[in-house]
Every structure is written in C-alpha cells, then in structure tokens.
Amino acid sequence: MGVPNTTTFTFQDVTTEIYGDTAANRNLSQCFTDSIAGGFDSTYNPNSDGTNNNLLNFRNYNHNPGNQLYFIMDSSGGTSGFHLYNGTASSSVNATFTYVSKTTGDLPITVRYAGVARSPGYSYTVNIALTATGGGGVGYFGRGDWTVTSTNFGLGSTVTFKMEINSSTADTLPTTTNPLSSAFNYIT
C-alpha cells in the first residue's frame, strides 16, 4: 500500500512498508539501506540538497515492486497504442492525453476529441480504471478518446499523441528510467 503521501506519517509506517513489522530494533539508516530506489517518490527523495537522510524522504514510498507501473508503446490485435501494465486490480490512474502534432499526407485528416475537431496542443485529463489484461495482468491499453478521420483516409499522414501519467490510486508511478509519458504516432 505504501507510506502515506502526507507529512504526518511515522517511522512505524516506513518499517511496516519495508519489513512488514514493527519499528523495534530498526533505525532510519537501516531503512535507507534496505529500501529500493524505484520505491521512492522523486518529489520527496532526494532532498533539495541531493541527500536522502530524513524520514520525510520516505513520503509516498512503495516497497512493493509488483505495484510499479510500467509504460510502453505496444501493439495488440493489429492496433498500436499506449500500454500501461503491472497495475493493481480495482485501481485507477489519472492521465493527460495531448494531441502533439499532425502531418497530412495526400488527403486532409481531422483529429477529434468528444466529437469536436481539435488543433495540436489540445489536451484533456481523465481517470482511467485499470482492467484485467492478457496474461493475468492489470493495466490499460488504448489511444485515449481520440478519433482520426478523413474522407478516404489520407495516405502518408501521421498524428502524434502523448499520454502522461499524473497519479495512481494504488500503484507506484513510472520512474525516470521508465518514463511518466510517451508519444504515440498514428500512421496511415
């Protein structure tokens, strides 16, 4: 579940997260030694001076690597899109989708969100319920709620969308080595 994302959590919260037991016979230095780098929230660790030496560095820490969300570009059934996986059942993520750019080929194309034509730079934020995926995992696969249309779909056209993960109700967010955002090219 992780250390609470508050300033009022206790050393007991940290030891319970790391060791599953009490704070008895434990110290902060030992907790840092036994922690995992990917479990820290980069907003709170390291400190502004580049160190990790106080209890507040553990704010929003999650020691369970099984709840580390992973974010890639993928294909499923001939469709390409954003693939967020390794999530927790019944959890959700808050994500922002952005229409980045478009290159029109031989025929004009229109990008729509909620039935309205949009221009590059348009974005929207939404909560996405993570659902069961193939292989027994929990995650999200899709392109957001964009539609791309043309009279006789323009060959050689490319539309670039971006998905950025803002927060999660239960899981650790992707890290800088597994980015919080990724671009997706819709190519005709």
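Only residues that are at pLDDT below 70, exposed (fewer than 13 other Cβ atoms within 10 Å of the Cβ) and not hydroxyl-bearing (Ser, Thr, Tyr): list them for the stretch 141-155, please. If you could, list the steps in order and put the result at the bottom.
Step one: of the stretch 141-155, the residues at pLDDT below 70 are 151-155.
If we keep only those that are exposed (fewer than 13 other Cβ atoms within 10 Å of the Cβ) as well, we get 151-152, 155.
Of everything in the stretch 141-155, those that are at pLDDT below 70, exposed (fewer than 13 other Cβ atoms within 10 Å of the Cβ) and not hydroxyl-bearing (Ser, Thr, Tyr) turn out to be 152, 155.
Looking only at the stretch 23-60, filter to residues that are assigned to a loop (DSSP other than H, G, I, E, B) and of a type in the set (A, V, I, L, M, F, W, C); which one of those is modelled with the lowest pLDDT?
At the first step, the residues of the stretch 23-60 found to be assigned to a loop (DSSP other than H, G, I, E, B) are 23-27, 35-36, 40-54, 59-60.
Okay, now just the ones that are also of a type in the set (A, V, I, L, M, F, W, C), so 23-24, 36, 40.
Values: 23: 72, 24: 78, 36: 76, 40: 82.
Taking the candidates together, the pick is 23.
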Legend entry - Single unsatisfied condition, residue 131 versus (1) free of Cβ contacts under 8 Å to residues at least 24 places away in the same chain; (2) farther than 22 Å from residue 171 by Cβ: (2)
Inset, instruction - Just give me the residues in the stretch 14-29 being without any contact (Cβ under 8 Å) to a residue 40 or more places away in the chain and closer than 13 Å to residue 55 by Cβ, in sequence order. - result: 15, 23, 26, 27, 28, 29
Inset, instruction - Go through (1) modelled with pLDDT of 85 or more; (2) outside any strand (DSSP E or B); (3) surrounded by fewer than 12 Cβ atoms within 10 Å (Cβ to Cβ); (4) not aliphatic (A, V, I, L, M) and name the single condition residue 127 misses. - result: (2)
Legend entry - Search result, residues across the stretch 103-113 that are at pLDDT 90 or above and either charged (D, E, K, R) or assigned to a loop (DSSP other than H, G, I, E, B) (or both): none
Inset, instruction - Show the residue pairs that are 6+ apart or on different chains and have beta-carbon atoms under 6 Å apart, the first residue being within the stretch 82-105 and in contact (Cβ under 8 Å) with a residue 40 or more places away in the chain, the second being of a type in the set (Val, Ile, Thr) and outside any strand (DSSP E or B). - result: 91/169; 92/169
Legend entry - Residues of the stretch 82-101 that turn out to be aromatic (Phe, Trp, Tyr) and surrounded by fewer than 19 Cβ atoms within 10 Å (Cβ to Cβ), as a count: 1
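The values are calculated or read from the model by the stated rules, or taken from the named source; none is laboratory data. It should be emphasised that the depicted structure is a prediction, and the values quoted were computed from it without experimental measurement. Every residue, glycine among them, receives a Cβ derived from its backbone with ideal geometry; neighbour counts consider all protein chains shown.
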